[in-house]
1. What is the residue count in segment 187-206 for residues that are crowded, with 16+ Cβ neighbours inside 10 Å and not in a strand (DSSP E or B)?
2. Taking the criterion of being assigned to a loop (DSSP other than H, G, I, E, B) and closer than 21 Å to S168 by Cβ, would at least one residue in segment 222-229 satisfy it?
3. Scan segment 235-247 and give yes if some residue there is closer than 26 Å to V141 by Cβ and assigned by TED's automatic domain parsing to the domain that holds L175, otherwise no.
4. Residues being over 39 Å from the mean Cα position of the chain (by Cα) and either over 20 Å from F111 (Cα atoms) or not in a helix (DSSP H, G or I) (or both): count how many of those fall in segment 21-38.
5. Before we move on, is T299 crowded, with 18+ Cβ neighbours inside 10 Å, under 31 Å from the mean Cα position of the chain (by Cα) and modelled with pLDDT of 95 or more?
6. If you go through segment 231-244, how many residues are surrounded by 16 or more Cβ atoms within 10 Å (Cβ to Cβ) and not in a strand (DSSP E or B)?
7. If W142 satisfies all but one of (1) in contact with a strand residue (DSSP E or B) (Cβ under 7 Å, 6 or more places away or on another chain); (2) modelled with pLDDT of 90 or more; (3) on the phi < 0 side of the Ramachandran plot, what's the number of the condition it fails?
8. Of V91, V109, V159, which residue is modelled with pLDDT of 80 or more and outside the structural domain of F43 (by TED's automatic domain parsing)?
Amino acid sequence: MIKINPSVRQWVLSFLAVDLLFWLLVGFGCVTDPVSCLETWSFGSFFFYFPMVFIPLPNLGAIGGVDVGMYLIPVFGILSHALLGLFVGWVLRKTRIAWFVSIAVALVVLFVGSFAAAYYNFKAEQARESKPAVPTQQEVVWSSWADYSDPAGRFDLRVAPDMVATTSQEPYNRLSDVAVAYSTDKASYHPINYSQSSWFVVSSQSVDETACYASVDGGQLAFSDEQTIGATTFKVASATDAGAGNRYEQTIYRTYLNATCYEISTTLHYASDFTDIDESAMNASQATARTALSDMVSTFRFNLDNSQGL
């Protein structure tokens with residue numbers, strides 16, 4: 001027969017006696033309120049065996065709609081308390097302590113420990129929730145951009161830095177009535193044999209809905225995607241074109257409102273003989289331009305209160 005040190009036995013049983021008291025309390029709660037028994041049991045085990053909740057377990061399925069891992073938490077929890085009793089009993093193996101004292105100490109240690117762990121987790125969660133939200137692109141960048149409001153009251157948008165109001169014609173817009181146009185030739189990469197310009201154009205035309213979403217340039221620009229901008233759904237077409245050292249990257253956003261086709265068109269145009277070009281610098285410059293154009297699109301908002309324009 002295995003001999004167990006009396007102190008180890010006493011402390012292990014003391015900690016398990018506290019566990020038994022806890023489960024008797026949980027059982028009493030189930031008797032008085034059977035409807036909430038599962039909730040009482042799951043919350044109780046979560047609280048009393050708090051550190052055990054973070055033991056990674058494989059997906060073992062469910063019993064009675066409850067993940068099997070929830071049933072295992074008390075098992076590991078009771079085992080951890082027994083091991084704690086073993087440790088204390090071994091440390092105090094040469095010290096005689098009355099049974100009621102060891103049970104009282106175990107009671108204080110387990111309940112105070114559980115409350116302390118729960119309180120720490122509660123404060124940590126409060127700290128996480130009270131952290132300032134990460135500023136959005138709109139809060140950091142767009143808020144400093146200039147506002148543009150359509151004189152007819154149809155829409156508003158924000159204008160990226162270095163964009164200058166200009167006139168426009170195809171290929172930068174595909175609809176006849178240009179409401180506003182911006183462009184810039186400023187770029188982070190601009191050697192002698194390379195030029196780059198960005199175009200942002202809002203236009204409209206009174207056509208039927210089928211014509212509004214008809215493919216452009218013989219099907220090269222087909223409105224096969226959708227994107228919500230503000231509260232409005234736009235159909236989106238994008239394509240690239242090239243000729244004589246010129247490159248065009250164009251994205252067209254269209255929506256149909258009040259018998260009118262509205263278009264937002266963004267174009268990145270760059271030209272070069274492409275000799276002695278710093279590819280990484282050119283690509284970085286183009287990426288910056290694409291982001292600015294995309295952000296301008298994201299700031300676009302129709303004035304839904306304007307019954308005349310819409």
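The values are calculated or read from the model by the stated rules, or taken from the named source; none is laboratory data. Remember, predicted model here, so these are calculated numbers, not experimental data. Reconstructed Cβ throughout: ideal geometry from the backbone, glycine too, with neighbour counts over all protein chains shown.
1. Total satisfying the criteria: 2.
2. Looking only at segment 222-229, we keep the residues that are assigned to a loop (DSSP other than H, G, I, E, B), and these are 222-224.
When the remaining residues are screened for being closer than 21 Å to S168 by Cβ, the result is 223.
Yes, some residue in segment 222-229 is assigned to a loop (DSSP other than H, G, I, E, B) and closer than 21 Å to S168 by Cβ.
3. Quick first cut of segment 235-247, residues closer than 26 Å to V141 by Cβ only: 236, 238.
Restricting the remaining residues to those that are assigned by TED's automatic domain parsing to the domain that holds L175 gives 236, 238.
For segment 235-247, residues closer than 26 Å to V141 by Cβ and assigned by TED's automatic domain parsing to the domain that holds L175: present.
4. Summing the residues that are over 39 Å from the mean Cα position of the chain (by Cα) and either over 20 Å from F111 (Cα atoms) or not in a helix (DSSP H, G or I) (or both) in segment 21-38 gives 5.
5. Numbers: crowded, with 18+ Cβ neighbours inside 10 Å: yes; under 31 Å from the mean Cα position of the chain (by Cα): yes; modelled with pLDDT of 95 or more: no.
Considered against the rule, which asks whether it is crowded, with 18+ Cβ neighbours inside 10 Å, under 31 Å from the mean Cα position of the chain (by Cα) and modelled with pLDDT of 95 or more, T299 comes out as no.
6. Residues meeting the conditions: 0.
7. Single failed check for W142: (2).
8. Details: V91 fails: outside the structural domain of F43 (by TED's automatic domain parsing); V109 fails: outside the structural domain of F43 (by TED's automatic domain parsing).
Step by step, each of V91, V109, V159 is checked, and only V159 is modelled with pLDDT of 80 or more and outside the structural domain of F43 (by TED's automatic domain parsing).
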